[in-house]
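What follows is a set of notes on a single structure, which appears directly below.
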Amino acid sequence: MTDTAPPLALDDVVRAWALLHRAVRDRRSALRTPVLASVGADGAARARTVVLRAIEDAPRLALLHTDVRSAKVAEIEAAPGVTLLAHDPRARLQVRLEARAAVERSGPRIDAARAALSEAALADYAGVLPPGAPLTGHRPARDPSMARQHLAVVILSVQSLETLQHTPEGWRRALGRPDGAGWAAHWLVP
């Protein structure tokens, strides 16, 4: 019988971060569309599916796109503590980021976001009414000239990354915190 070294919590955290990097480029990745949770004006949790647009390493950031008129922008500006939760059922992996969020309305990231989006994708930001407004029909009125003005980037400054993984040996949970260019990580009770 051969003894094998136990897995390191750091390995799970680094692997999860790498999978988030890959999810940005892989439209089929389950981790590409996580759930962003924020706090509403009434103090209740608000959660919605978002598209992961970029991952940056120094500092540890996750970037999303949104309409500047959406409720999440006001929520983030009032209470910037958010959670991003991604789940890959095939990999039996859950990744949870605790982060401080900020909304960027202009600058290089916005310019890059506008340039990266197709005209069809940019059209999602062309609604005359803000997201969540009541409609009288089933299609909202659009003004394509406004799409670029409505696009914003949500920047999540990662405070921690937690993984929950089901392995052949059972469940394991690791918590990592950014530490310079790397991560400081340890195991948690699953």
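The values are calculated or read from the model by the stated rules, or taken from the named source; none is laboratory data. These numbers were taken from a predicted model, which means no experiment stands behind them. FYI the Cβ positions are ideal-geometry reconstructions off the backbone, even for glycines, and counts take in every protein chain you see.
Here are the numbers:
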{"quantity": "Those residues of the stretch 117-145 which are loosely packed, with under 14 Cβ neighbours inside 10 Å and under 23 Å from A74 (Cβ atoms), in sequence order", "calculated": "V128, L129, G132, A133, P134, L135, A141, D143"}
{"quantity": "Subset of the stretch 126-148 [free of Cβ contacts under 8 Å to residues at least 60 places away in the same chain and of a type outside the set (A, V, I, L, M)]", "calculated": "P134, T136, G137, H138, R139, P140, R142, D143, P144, S145, R148"}
{"quantity": "Test: residue in the stretch 137-149 that is assigned to a strand (DSSP E or B) and touching a Leu at 6+ places or on another chain (Cβ under 9 Å)", "calculated": "no"}
{"quantity": "Single match in A62, A58, A47 (criterion: surrounded by fewer than 17 Cβ atoms within 10 Å (Cβ to Cβ) and within 22 Å of D12 (Cα to Cα))", "calculated": "A58"}
{"quantity": "Residues within the stretch 86-110 that are more than 17 Å from the chain's Cα centre (by Cα) and either of a type in the set (A, V, I, L, M) or part of a strand (DSSP E or B) (or both), tallied", "calculated": "1"}
{"quantity": "Scan of the stretch 148-181 for residues that are in contact with a strand residue (DSSP E or B) (Cβ under 9 Å, 6 or more places away or on another chain) and of a type in the set (A, V, I, L, M), ordered by number", "calculated": "L151, A152, V153, V154, I155, L156, V158, L161, L164, A174, L175"}
{"quantity": "The stretch 115-136: number of residues that are part of a loop (DSSP other than H, G, I, E, B) and of a type outside the set (A, V, I, L, M)", "calculated": "6"}
{"quantity": "Qualifying residue in the stretch 24-35 (condition: hydroxyl-bearing (S, T, Y), buried (at least 16 other Cβ atoms within 10 Å of the Cβ) and within 30 Å of E169 (Cα to Cα))", "calculated": "yes"}
{"quantity": "Meets criteria (aliphatic (A, V, I, L, M) and touching a residue at least 40 places away in the same chain (Cβ under 8 Å)) for A45", "calculated": "no"}
{"quantity": "Hits in the stretch 146-183 (condition: charged (D, E, K, R), surrounded by 14 or more Cβ atoms within 10 Å (Cβ to Cβ) and at pLDDT below 95)", "calculated": "R148"}
{"quantity": "Cβ pairs under 6 Å, 6+ apart, first in the stretch 99-120 and farther than 29 Å from E162 by Cα, second at pLDDT below 95", "calculated": "R114/R148"}
{"quantity": "The listed residue being closer than 27 Å to W171 by Cα and not charged (D, E, K, R), out of L84, L63", "calculated": "L84"}
{"quantity": "Residue, farthest from D111 (Cα to Cα), within the stretch 126-140, restricted to residues that are modelled with pLDDT of 90 or more and touching a strand residue (DSSP E or B) at 6+ places or on another chain (Cβ under 9 Å)", "calculated": "A133"}
{"quantity": "The stretch 161-190: number of residues that are touching a helix residue (DSSP H, G or I) at 6+ places or on another chain (Cβ under 9 Å) and of a type in the set (S, T, N, Q)", "calculated": "2"}
{"quantity": "Residue in the stretch 70-79 that is without any contact (Cβ under 8 Å) to a residue 24 or more places away in the chain and surrounded by 14 or more Cβ atoms within 10 Å (Cβ to Cβ) present", "calculated": "no"}
